Amino acid sequence: MTVQLTAVETASDALFACSYLWAHGRPYTRSDLDKAIHQHKDPTTRYGKLVAKLTQLHSMTYEELCEAGYLGSDAGEVNTLRRAVLVEEIGEDELKAWLTDAQRVQRVFPAEDIQPRRTRLPLSRGSEGFDARQDFVIKHFLPAQSLCSIYGPSGSYKSFLAVSWACHIATGMVWAGKKVAPGAVLYVVGEGGVGVPRRVKAWEMMHGQQADNLYLVNRPVFPVRSSEVNEVLLAARQVEAECGLPVRMVVIDTLARCFGGNDENDARDMGAFIEGCDVIKQKTGATVLVVHHSGKDEAKGARGSSSFRAALDAEFNVKREGEGGALILSCTKMKDAEEPERRAYDLQTTELYRDEDDEPVCSLIVRDVPREPKEVEPELANVSRLTENHQALWQAVRSRTAQGDPCTIAIVKDDLRATLGTDKVRKLFSRWLEKLEGEGLLRIEGDRIFPMTVD
C-alpha cells in the first residue's frame, strides 16, 4: 500500500513581510511582492490567493485606497479594514500568530531597517518658540485663527461692533489705529432682517469704501451639525475663489440663534458647538468671532456653560455708556497676549436713504476712535470723591469674582500693578481698599476680597 504525502505550504519571509506591513498601515515594496509571487506560484493555495490579493492591492491608486478605507486619518479603523482582508485568505488565528511572532519579526525586519515609531504630537524643548510672532486679524484685539467672542446685553451695540470689525478687515483699513490682516469675511446673520446690510451700508458711506469682500450668510448656521459646518467650508472656498483673498474671519451672530435648539447651559451641547467652530477655524484658517448675550446678572459674564469661555482665545464685554450713543469695550480674556485697555467708542447716525413717505432711513456705525469711558458703575454712582483708581480696584475685584477666579489682596494688587504702576499701588492700595470697604462696596475676610451688592 502506497501512502501519498501532501506537502505543507510554508509562508515565505517575503509574503510575511508584505502581510505584516499591510496589517500595520505601512507600504510594502514591489521587490518583496515579486519574491512572494515567485515563491507562491500556485493561485489555488491559501498563500497563492493571499499573494494575488496583495498584488491587487498594490496596484490600487492612492485615491482608490482612501475611498476603500485602507488609508485615512483614523489609524485604528484603517488597520481593522486592512487586517480583515488578510483574515479572508488565511484566517484570524494564523494572522494573529503572524503578528505576534516576535522572533520572525526581528529576523525579517532587522533592527537597523526599522525606524522606531515616532509620535505625531508636536514637541518642542524648553523655551523654543518663545519669540514666535503672534499673528492677529486685528492687532491686539483679534488673534489670527482663533475662537473669540463679544458679549453683552440686548441693545449694547455688540453687533454694530462686529460689523465694524468685519468691514475694516474686508477693506484692509486699520481699526482704532491698529493694523488688520486684509481678507474676506463671512458674516452669519443669524437674526435675519435688514439690520446688518444697513449697518454695512452706513459704514461704506462713512468711509467712502465698498466692503465688497464682506459676504453675508442670510440665515442661521448651526456648528453643532457637521452638514452645516461643511456648508460653511464650502462657502469659504467659494468666497476665496470669487475675490481671490483668504477668509480671515467668520462671524456668528448670535450664538443663541445658531445653537440649533440645544441647551446653552449643557456642557455637552456647548462642547459640540465649540467643536464645530474649531473645525471651521482649522480648515479655513480664519478667526471665528461669536456674538453672544450676557446672562441675567451681567456681572457674571456671558450666559451659558462656562466651557465656552474656557475655549476662547479672546473675549470682550460690550455695554452702553450710560444712556448715550456710545459703547464701552472691555477685554475680559486674552489668552496669549496683553489685554487691550478698556475704552469707549462713539456711534454716529448715518442717513441711508429716504422712504416713500420722504422719511429718513438711518443706521448707526461705530467710530473707531477710542477714548476714556465716562460711565461710572451703578454701584459707584453715589460714592463721593471717587477716582479712577477706585474704579480700577472695583473693576478688578468684580472681574475676578464674576468669573469665579481667586480674588485675594495679593492677586488684585498684581492686577492693578499692570495698569496703574507698581509705585502707585504700593503707596496707595491700602487707602483705596479702605475707601471702598468703608463705603460698603467691598468686604474683607482675611486676605480675600468680596464685592457687596448695593441696592
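Please treat every number below as a calculation from the coordinates, not as lab data. Small disclaimer: the values here were computed from a predicted structure and weren't measured. No Cβ is skipped: glycine too gets one built from the backbone with ideal geometry, and neighbour counts run over all protein chains shown.
With a cut-off of 13 Å between beta carbons, the residues surrounding L428 carry a summed charge of +4, where Lys and Arg count +1 and Asp and Glu -1.
The angle between the Cα long axis of helix 388-402 and the longest principal axis of the Cα atoms of the chain comes to about 40 degrees, rounded to the nearest 10.
Taking every DSSP beta bridge that has both residues in the chain, what percent is antiparallel when rounded to the nearest 5? Walk me through the numbers on the way to the answer.
Values: 29 of 54 bridges.
Given both bridge residues lie in the chain, the antiparallel proportion sits at roughly 55 percent.
By the rule of a C-alpha distance below 16 Å, with chain neighbours fewer than 8 residues away ignored, the lysines paired with K300 are K319, K333.
Taking the mean number of other Cβ atoms within 10 Å as a proxy for protection, how do you rank 357-364, 327-334, 121-128, 345-352 from highest to lowest?
So the order, starting with the most tightly packed, is 327-334, 345-352, 357-364, 121-128.
For G152, nonlocal amide neighbours, meaning residues 5 or more places apart or on other chains whose placed amide H falls under 5 Å from its own, are H292, H293, S294, V318. For L442, the residues 5 or more places off, or on other chains, whose built amide H falls under 5 Å of its own are E437, M452. Full extension of the chain between S59 and K283 yields a length gain of 77.5 nm, computed as 0.36 nm times the residue separation minus the alpha carbon distance. Derived scalar couplings between HN and Hα for the range 283-288 equal 8, 9, x, 8, 7, 9 Hz in order, rounded to whole Hz, by the Karplus curve 6.51 cos²θ - 1.76 cosθ + 1.60 (θ = phi - 60°), x for Gly and Pro. Across the range 211-218, coupling constants 3J(HN,Hα) worked out from phi with the 6.51/-1.76/1.60 Karplus curve, θ = phi - 60°, read 8, 5, 8, 9, 10, 9, 9, 8 Hz, and Gly and Pro carry x.
Please give the calculated 222 nm ellipticity per residue for the chain, where each DSSP H segment of at least 4 residues contributes -39500 (n - 2.57) and the sum is spread over every residue; nearest 500 deg cm²/dmol? Please list the in-between numbers first.
Numbers: 15 runs with 185 residues, N = 455.
Helices in the chain give a 222 nm mean residue ellipticity of -12500 deg cm²/dmol.
Of interest is the spacing of the C-alpha centroids, which for the range 392-429 and the range 69-114 amounts to 60 Å.
Summarising the label geometry, the points placed 7 Å from Cα in the beta-carbon direction at L123 and E351 lie 6.9 nm from one another.
So, by mean Cβ neighbours within 10 angstrom, what's the order for 276-282, 367-373 with the highest one leading?
Details: 276-282: 19.4, 367-373: 15.1.
Going from most to least packed, we get 276-282, 367-373.
Within the range 136-366, the ratio Rg/Rh, alpha carbon atoms throughout and Rh by Kirkwood, equals 0.95.
Inter-label distance, Q403 to R417: 1.9 nm, where each label sits 7 Å from its Cα along the C-beta direction. Label sites at Q210 and K49, each approximated as a point 7 angstrom past Cα along Cα to Cβ, lie 6.8 nm apart. If the chain linking K300 and M173 were pulled fully straight, counting 0.36 nm for each residue of separation and taking away their Cα-Cα distance, it would gain 42.3 nm.
Sequentially through the range 15-25, phi angles give Karplus couplings (6.51, -1.76, 1.60; θ = phi - 60°) of 5, 4, 4, 4, 5, 5, 5, 4, 5, 9, x Hz, Gly and Pro residues having no value and appearing as x. Using alpha carbon centroids, what distance separates the range 142-170 and the range 221-284, in Å? About 15 Å separates the Cα centre of the range 142-170 from the one of the range 221-284.
Between helix 30-39 and the chain there is an angle of about 30 degrees, using the helix long axis and the longest principal axis of the Cα atoms.
Here the range 298-413 is described by how far its Cα atoms reach on the three principal axes: 62, 40, 25 Å, from widest to narrowest. Relative to the 2.2 N^0.38 Å rule of thumb, the range 378-451 has a C-alpha radius of gyration ratio of 1.00.
Cα axis of helix 409-420 to longest principal axis of the chain: angle in degrees, 0 to 90, nearest 10? Relative to the chain, helix 409-420 is tipped by roughly 80 degrees.
Our estimate of slack between Q106 and E88, defined as 0.36 nm per intervening residue step minus the Cα-Cα distance, is 3.9 nm.
Give me the net charge for the shell around T419: Cβ to Cβ below 15 angstrom, other residues only, Lys and Arg +1, Asp and Glu -1. Mind showing how you got there, number by number?
Values: positive: R342, R343, R398, R400, K413, R417, K424, R426; negative: E338, E339, E341, E372, E388, D414, D415, D423.
Local net charge: 0.
Taking amide H positions as modeled 1.01 Å from N, with prolines and chain starts lacking one, the residues under 5 Å from A326 and 5 or more places away or on another chain are E321, L347.
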